[in-house]
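Visitor: Dropping a structure here in structure tokens format, bear with me for questions.
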């Protein structure tokens, strides 16, 4: 019988395929491009849904007609909300026009727009713009949870909005613009260590020419409305 030689017993070695430097560079470039596109897309979507930016832009049109304001801000004002609860709210009855987020958030189990802008008019001229950030209430209806009381006395005259927000630790629930200035309202709650009760506060900060001019606070007696039925 013919004998099998060692050469015949040996199997051909598998050649490991490796990416060439050019292929690796192309793959890396594709990954970078995809990442950049995703980042730009996220930035654009965030920019489109930036209610605070729209409110600031619209506030610059105080003193002109709604039609003129729409032209320069690209904001399409309407007379009612897509949400029945917004239309039923007392605040909605005070304003002629509104502009709201296309995205929604749940507040106490009810869907509302993530943010909402009201525009008040007198003789077809915009006199005030009020912005609500309802994402502030998506976790707690009584506002942002804090460790304790936020002392309004610590807000010094001359602080700008960024400095005030840095001290408070979160953004305002409501920002109201008029020809006389700006008022930010912060809503928050905490557990009182002595009584064990939940305490909620509204903190109002007024600005003139971009600088804080006054700060005042009031306790939000939310439980009072729950104890009786009309």
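The values are calculated or read from the model by the stated rules, or taken from the named source; none is laboratory data. The structure presented is a predicted model; accordingly, all values stated were derived computationally and were not measured. When we count neighbours, we look across all protein chains shown, and the Cβ atoms used for this are built from the backbone with ideal geometry, even at glycine.
Visitor: Yes or no: residue 119 modelled with pLDDT of 95 or more, outside the structural domain of residue 189 (by TED's automatic domain parsing) and touching a strand residue (DSSP E or B) at 6+ places or on another chain (Cβ under 9 Å)?
Guide: Yes.
Visitor: Then there's this: Taking the options 191, 166, 184, name whichever one is surrounded by 16 or more Cβ atoms within 10 Å (Cβ to Cβ) and without any contact (Cβ under 8 Å) to a residue 24 or more places away in the chain.
Guide: Exactly one residue qualifies, and that residue is 184.
Visitor: So is residue 102 surrounded by fewer than 18 Cβ atoms within 10 Å (Cβ to Cβ) and closer than 14 Å to residue 114 by Cα or not?
Guide: Here the answer is yes, as residue 102 does meet what is asked.
Visitor: Specify the residue that is nearest to residue 171 (Cα to Cα); the eligible residues are those in the range 105-119 that are in contact (Cβ under 8 Å) with a residue 12 or more places away in the chain and surrounded by fewer than 17 Cβ atoms within 10 Å (Cβ to Cβ).
Guide: Initial filter on the range 105-119 (in contact (Cβ under 8 Å) with a residue 12 or more places away in the chain): 105-108, 110-119.
Okay, now just the ones that are also surrounded by fewer than 17 Cβ atoms within 10 Å (Cβ to Cβ), so 106, 108, 110-111.
Working: 106: 18, 108: 20, 110: 22, 111: 21 Å.
Among those residues, the one meeting the criterion is 106.
For every residue, the table says whether it meets (1) in contact with a helix residue (DSSP H, G or I) (Cβ under 6 Å, 6 or more places away or on another chain); (2) in a helix (DSSP H, G or I); (3) over 14 Å from residue 130 (Cβ atoms); (4) in contact (Cβ under 8 Å) with a residue 12 or more places away in the chain.
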{"position": "64", "(1), (2), (3), (4)": "no, no, yes, yes"}
{"position": "68", "(1), (2), (3), (4)": "no, yes, yes, no"}
{"position": "85", "(1), (2), (3), (4)": "no, yes, yes, yes"}
{"position": "93", "(1), (2), (3), (4)": "no, yes, no, no"}
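Visitor: Moving on. I'd like to know if the range 180-190 contains one or more residues that are out of contact with any helix residue (DSSP H, G or I) (no Cβ under 9 Å at 6 or more places or on another chain), modelled with pLDDT of 95 or more and at positive phi.
Guide: Yes, the range 180-190 contains at least one residue that is out of contact with any helix residue (DSSP H, G or I) (no Cβ under 9 Å at 6 or more places or on another chain), modelled with pLDDT of 95 or more and at positive phi.
Visitor: Here's a follow-up. When you check residue 206 against the structure, is it closer than 17 Å to residue 56 by Cα and loosely packed, with under 15 Cβ neighbours inside 10 Å, yes or no?
Guide: Answer is no for this residue.
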